[in-house]
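Since the structure comes first, as structure tokens, the remarks are kept for the end.
Read-outs: derived from the displayed coordinates by stated rules, not from any lab. None of these values were measured; they are calculated from a predicted model. Positions of Cβ are generated from backbone atoms using ideal geometry, with glycine treated the same way; all protein chains shown enter the neighbour counts.
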Amino acid sequence: MKIIGAINKTWLHALFLATGVFALLYLWFTLFPGAVKPQAFTFFQEQQIIEGRNYLFVHRLVFIISFLLELTVLGWLVYSGKAEACSKHLCTLTGSGKWGGGLLFFLILWLLFRLIHLPFQLIAGYWWEKRWGFLTQSLPSWWQDYFLSAGLDFVLSLGAVILLFAAMERWPRGWWLAGAGFTAVWLFVQTLLWPVVVSPLFNDFKPVPDPEVKQMVKGLSEKAGLEVGEVLVMDASRRTTAANAYFTGLGRTKRIVLYDTLLRNYPPQEVKAVIAHEMAHWKHGHIIKGILGGILGNFLLWALLFLFLKPVWEKTAFYPPYTLALLLLFVLPVSFLSRPLENYVSRQMELQADRTAVVLTGDVPGAVQLQIDLAARNLADVSPPAFLEWFSYSHPSSLVRIESILTIDPDSSIILEETN
């Protein structure tokens, strides 16, 4: 019996249909992005706009092709019965029941999808970034990072699979609650530990040495009514010429991280706008809200996953190793289809942070110039197709942000008062 017969085919077919529609739309607007909004030429030169679209074309194409390839391979494994046959063979081969076979099945899947993604990572993550002058790494250094991240991914994925199958064995009807609970805890642990344990494996982080930046942070934090944690500079230039900044962590681990490329290549008023933007995220509690939203979404996902996999347990009285292939076949399209909602929430947070940042700095021209310079240096698509922005942009496009900033009254204190 092929495993696809043990589950509700309607679920998969509906998922695949919706995923196919969105994937084709994504591919269409990647190949045919349409005209640039006329307003974009007010702030950006035509050559820059063209280069931004050309640069992102390969990244978009690689994303959608690799996604479709991964989904196709998973679908073939499940629908053809290969996953079930492999699962049974591995259990027989190991002679250790479903645990030995399950771990080998995980290893095969993990290696298979690593191999599927590797050419795309080399094209988009190394060759294309080198081609446009963003990547400063040598190929040996890139491989070193790749194997380090792959090793970390393997360890974490293996641990998650062991915990999942242990929960399935212990609570065949309630494992989804255990999975959702563990995921909730992991989201908090990741936010707390990632910046202090994992990130330093890839980059060096040091306190910002510039006294002017320190004084700038102090003044902004007093105006925002915040107690500032660490303000660190990251040696991003060892890998890229792109500039960025981010806020991460909770409690004692919270920090504002500035790329050294930002401090080196941008004037003080634009650095101030970036710091104010990151403080605004802090002020509005966006990290906590993001975690809580993620927890809510994950509880829903785990519940749906249980309903999807329940027929397998009813047929076999346990969850065999090939359950992992079914799980991925369900989670992959669901994650793809949930992107618009997740990104919409993220874009609203970014616009809110932009508005608060302008009130903190009182500098609308500086905020606008920051968006212009970031777009130019990072080769952003300043006016992407509406569908692509809606579906896949976690940040509003440069033109949308500029137009939003220009509507802000920098002397207004309402935005700050609303968060107190």
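Details
- Unsatisfied cross-links (Cα-Cα over 19 Å) in the set Lys88/Lys315; Lys223/Lys283; Lys206/Lys289; Lys218/Lys272; Lys206/Lys283; Lys218/Lys283: Lys206/Lys289; Lys206/Lys283
- Rounded to 10°, Cα long-axis angle of helix 323-337 versus longest principal axis of the chain: 30
- q = 0.07, 0.11, 0.12 Å⁻¹: log10 I(q)/I(0) that the Debye formula gives for the chain, counting C-alpha atoms only: -0.40, -0.97, -1.13
- Once the chain from Gln190 to Thr136 is taken as fully extended at 0.36 nm per residue, the excess over their C-alpha distance is 16.6 nm.
- Length-normalised contact order of the chain in % [C-alpha pairs under 8 Å, at least 6 apart]: 23
- Amide H contacts for Glu230 (H built 1.01 Å from N in the peptide plane; partners 5 or more residues away or on another chain; cut-off under 5 Å): Ile256.
- Here the calculated FRET efficiency for Leu115 and Leu304, from their Cβ-Cβ distance with R0 = 35 Å, stands at 0.75, rounded to the nearest 0.05.
- For region 272-420, the spherically averaged projection of the C-alpha convex hull amounts to 11.3 nm².
- The mean sequence separation of alpha-carbon pairs under 8 Å and at least six residues apart, normalised by the residue count of region 220-270, gives a relative contact order of 37 percent.
- The longest stretch of the chain left intact once loop-based trypsin sites (Lys or Arg not before Pro) with at most 13 other Cβ atoms within 10 Å are removed from consideration, loops following DSSP, is 174-420.
- In order along region 63-77, the Karplus-derived 3J(HN,Hα) couplings, from 6.51 cos²θ - 1.76 cosθ + 1.60 at θ = phi - 60°, round to 4, 6, 5, 5, 5, 5, 5, 4, 5, 5, 4, 4, x, 5, 4 Hz, and Gly and Pro are given as x.
- Applying 1/(1 + (r/R0)^6) with R0 = 30 Å to the Cβ-Cβ distance of Asn265 and Leu296 gives a FRET efficiency near 0.15.
- Computed extension gain for Arg339 through Leu93, at 0.36 nm per residue and net of the alpha carbon distance, reaches 84.6 nm.
- Spin-label model, Ala160 to Phe202: label points 7 Å out along the Cα-to-beta-carbon direction sit 1.5 nm apart.
- The chain: angle of helix 175-193 to the longest principal axis, Cα-based, in degrees nearest 10: 30
- Leu351/Lys315 FRET efficiency (R0 56 Å; Cβ-Cβ; nearest 0.05): 0.70
- Relative contact order for region 127-277: 23 percent, from Cα pairs under 8 Å spaced at least 6 residues apart, divided by residue count.
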